[in-house]
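The values are calculated or read from the model by the stated rules, or taken from the named source; none is laboratory data. Please read all numbers here as calculations on a predicted model, not as lab measurements. Please note: Cβ atoms are built from the backbone with ideal geometry, for glycine as well, and neighbour counts cover all protein chains shown. Heads up: the accessible areas ignore ligands, DNA and RNA and are worked out on the full protein's heavy atoms, side chains in. Shrake-Rupley method; radii C 1.70, N 1.55, O 1.52, S 1.80 Å.
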Amino acid sequence: MAKKAHALGIDIGGSGIKGAPVDLDKGAFADDRLRIATPDGAGPDDVADVVAQIVEHFDLGTVPVGITVPAVVTHGVVRSAANIDRSWIDLDAEKLFSKRLGLEVHVVNDADAAGVAERHFGAAQGHDGLVVLTTLGTGIGTAVINDGDLVPNAELGHLEIDGHDAETRAAESVRDREDLSMPEWAERLQRYYRHLEDLIWPDLFVVGGGISKKADEFLPLLDIRTEIVPAQLKNKAGIIGAARLAKKAAKHS
């Protein structure tokens, strides 16, 4: 067993499924991450087989397993599908994985997991009040954390702003597709973040996604009232957050 592994986190993405044991005292991996390519089609049974390979690889015994999916998840049931097959919709994923693994499993939205990790171990560590994580990538994923507690499935990237779904105007993929300069893109981001400010009055924005590595090129261009900082945990956040949420769920079961 990996040293001081309190839970196993697994992050299901469109191209890869990644997992690692997590030391929840440190908010860090307790062993090297394992990545296996997402199977073609990303159907539930095929994905469950890959998840089982990762669990068997680490051989952690009966520690809780947290699994992220790029979808809305309510009480273990998948309600949407992004980068995975539509056969996931309305599937009880916790039941599927628990049966396949023979372990206690907690399934969560990927942005929610990342937000939890950043709040407890990353850019928003110890930050009281309302923290909103936004992941700028193909779309805009969001997580809402209030005084350390997750408000799940906040799909704030799909707010309608000026007659458009927000992520179709301000996602990082749109910047690439329309060849926007950073100042041009920052104008769209500012419109988005100001709208969020007026709706929910957060205390802190955390900006994740691969573009967060270039945060110094666009965050200083934003004129908003809320403090906004880049995420710190990068591609570890989903795994760490899933593990934390699984451990918390196991304590309350």
Using the C-alpha gyration tensor of region 109-253, what are the square roots of 5 times its eigenvalues, in whole angstrom, with the largest one first?
25, 15, 14
Nearest 10 degrees is fine. How inclined is helix 110-121 to the longest principal axis of the chain, computing both from alpha carbons?
90
Cβ-Cβ cut-off under 14 Å around residue 190, Lys and Arg +1, Asp and Glu -1: the net charge is 0
Under a point-charge model restricted to the Cβ atoms of Lys and Arg (+1) and Asp and Glu (-1), what is the dipole moment magnitude of region 1-68 relative to its Cα centre, in debye to the nearest 20?
340
When the convex hull of the Cα atoms of region 125-208 is projected onto a plane and the area is averaged over all directions, what value comes out in nm²?
5.4
A 30 angstrom limit on the alpha carbon distance is what I want to check against. Which of 99/247; 213/251; 95/236; 4/214; 214/251 exceed it?
213/251; 4/214; 214/251
The chain: angle of helix 237-251 to the longest principal axis, Cα-based, in degrees nearest 10:
60
Take every Cα pair under 8 Å in the chain that's 6+ residues apart, average their separations, divide by the length, and report that relative contact order as a whole percent.
22
Using only the alpha-carbon atoms, how far is helix 182-200 inclined from the longest principal axis of the chain? Give it as 0 to 90 degrees, nearest 10.
70
Contour minus end-to-end for residue 146 and residue 86, with contour as 0.36 nm per residue of separation and end-to-end as the Cα-Cα distance?
18.5 nm
Here FRET efficiency (C-beta to C-beta, residue 99 to residue 251, R₀ 25 Å, nearest 0.05) is 0.65
Protection-proxy order for peptides 208-214, 138-144, each taking the mean of Cβ atoms within 10 Å per residue, highest first:
138-144, 208-214
Per the Cauchy relation, a quarter of the hull surface: what is the mean projected area of the convex hull of the alpha carbons in region 1-75, in nm²?
5.3
Using only protein heavy atoms and a 1.4 Å probe, report how much of residue 195 is accessible, in Å² to the nearest 10.
50
As an exercise, find the ratio Rg/Rh for the chain from alpha-carbon atoms, using the Kirkwood inverse-distance average for Rh.
0.97
Between the alpha-carbon centers of region 224-253 and region 69-85, tell me the distance in whole angstrom.
18
Unit-weight point scatterers at every alpha-carbon of region 67-148, Debye formula, q = 0.18 1/Å: log10 I(q)/I(0) is -0.80
With a 1.4 Å probe and every protein chain left in place, work out the accessible area per residue of the chain in Å², rounded to a whole number.
46
For residue 195 and residue 162, calculate 0.36 nm times their separation in residues minus their Cα-Cα distance, and state this gained length in nm to one decimal.
10.8 nm
Region 8-85: which trypsin sites (Lys or Arg not before Pro) are DSSP loop and have at most 16 other beta-carbon atoms within 10 angstrom?
26, 33, 79
Carbon and sulfur atoms: what percent of the 1.4 Å accessible area of region 1-130 do they account for?
44
First measure r as the distance between the Cβ atoms of residue 223 and residue 26, then evaluate 1/(1 + (r/R0)^6) with R0 = 30 Å and state the FRET efficiency to the nearest 0.05.
0.25
When only the heavy atoms of the protein chains count and the probe is 1.4 Å, how do 86, 169 rank by accessible area, highest first?
86, 169
Among DSSP bridges having both ends in the chain, what percentage is antiparallel? Round to the nearest 5.
60
